[in-house]
């Protein structure tokens with residue numbers, strides 16, 4: 001069987017980790033990034049200390065700042081760049097992607113300018129037909145996967161063959177991909193769970209305990225499901241790995257940047273201070289606004305998301321967040 005040639009766009013923790021997964025699955029992987037020092041470190045020392053300290057990458061991973069070199073002959077292209085800059089990053093690379101390549105989005109967010117999901121952005125920016133675009137989402141905290149801790153994920157695509165192709169490329173003894181046709185549901189779970197994780201972090205940073213955390217997670221899943229169903233998603237997706245699985249992992253783990261940022265906000269930091277203290281990109285900060293806008297277009301109420309937007313972007317004091325949510329009208333749980 002021929003070796004699958006893969007390009008991974010992005011040298012952050014998740015891009016680097018997924019490159020390692022692909023290499024462990026038998027693929028030949030080239031990571032592309034803009035920082036020469038990071039690419040040189042990956043290529044020459046097989047480490048990425050800035051994002052994955054202490055992790056040794058497989059020999060099948062190399063890296064370059066030359067996009068043409070990274071994408072030359074790539075049968076699979078994995079995109080792991082910050083969601084809000086994805087379009088600008090990818091558009092100059094469109095002519096370099098092989099016409100038969102499958103593209104998989106590892107990003108979790110909704111674009112601010114358009115309210116589009118990342119698969120839509122990727123398809124447009126790289127000029128790839130929708131049937132050759134897949135998305136990957138699940139309880140996938142990069143550090144744990146880099147340490148080969150067992151986990152599962154969901155690969156969703158409109159075309160079943162595309163999903164299977166991606167799943168085969170990344171299946172290892174510690175990383176188990178399942179396939180799914182519900183691209184909308186899988187992507188919305190990945191985007192909105194980051195916002196809910198910020199809310200959980202704010203609550204914990206404010207001193208609230210597990211009852212509050214469980215309440216926010218559970219009602220957060222209701223918000224995600226409500227939005228997804230309004231946009232045509234499959235209800236079963238929200239109880240699965242991309243839904244409840246990813247939500248629990250992101251809301252409960254200190255490895256989650258969105259959760260960590262929320263904790264800093266709850267402890268009294270400004271947004272700028274929290275972003276600096278967190279390090280890396282917490283996609284929920286910007287996606288909270290675009291998710292709320294998207295919900296508004298289909299008439300879906302998302303009170304937790306609205307509260308996060310109010311705290312992060314509209315000056316609502318943290319101490320008023322819980323009161324705002326608890327003061328909502330009483331109703332049956334399933335409504």
Boolean, residue 213 is under 20 Å from residue 322 (Cβ atoms) and either free of Cβ contacts under 8 Å to residues at least 40 places away in the same chain or not assigned by TED's automatic domain parsing to the domain that holds residue 196 (or both): yes
Among (1) surrounded by 21 or more Cβ atoms within 10 Å (Cβ to Cβ); (2) touching a residue at least 40 places away in the same chain (Cβ under 8 Å); (3) over 16 Å from the mean Cα position of the chain (by Cα); (4) not assigned by TED's automatic domain parsing to the domain that holds residue 84, the one test that residue 190 misses: (3)
Near pairs, Cβ below 9 angstrom, 6+ apart or cross-chain, from region 53-64 (crowded, with 18+ Cβ neighbours inside 10 Å) to any residue that is at pLDDT below 95: 60/3
Within region 119-193, strands (runs of 3 or more DSSP E) holding 3 or more residues that are more than 25 Å from residue 293 (Cβ to Cβ): 151-157, 175-180
Some residue of region 255-267 being within 26 Å of residue 81 (Cα to Cα), in a loop (DSSP other than H, G, I, E, B) and modelled with pLDDT under 95: yes
Test result for residue 296, assigned by TED's automatic domain parsing to the domain that holds residue 251 and in a loop (DSSP other than H, G, I, E, B): no
Residue in region 96-112 that is over 22 Å from the mean Cα position of the chain (by Cα), without any contact (Cβ under 8 Å) to a residue 40 or more places away in the chain and assigned to a helix (DSSP H, G or I) present: yes
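Matching residues to (1) over 25 Å from residue 298 (Cβ atoms); (2) free of Cβ contacts under 8 Å to residues at least 60 places away in the same chain:
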site: 202; (1), (2): yes, no
site: 228; (1), (2): no, yes
site: 233; (1), (2): no, yes
site: 238; (1), (2): no, yes
site: 249; (1), (2): yes, no
site: 275; (1), (2): yes, yes
Residues of region 14-50 that turn out to be buried (at least 17 other Cβ atoms within 10 Å of the Cβ) and modelled with pLDDT under 95, as a count: 0
Subset of region 71-95 that is out of contact with any strand residue (DSSP E or B) (no Cβ under 7 Å at 6 or more places or on another chain) and not in a helix (DSSP H, G or I) - its residue that is farthest from residue 4 (Cα to Cα): 82
Which listed residue, of 282, 249, 242, is under 23 Å from residue 81 (Cβ atoms), under 15 Å from the mean Cα position of the chain (by Cα) and not in a helix (DSSP H, G or I): 282
Scan of region 17-35 for residues that are in contact with a strand residue (DSSP E or B) (Cβ under 9 Å, 6 or more places away or on another chain), part of a helix (DSSP H, G or I) and either in contact (Cβ under 8 Å) with a residue 60 or more places away in the chain or not assigned by TED's automatic domain parsing to the domain that holds residue 153 (or both), ordered by number: 18, 20, 21, 22, 24
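The values are calculated or read from the model by the stated rules, or taken from the named source; none is laboratory data. Note that this is a predicted model, so its numbers are computed, not measured. Note: ideal-geometry Cβ built from the backbone for every residue, glycine included; neighbour counts use all protein chains shown.
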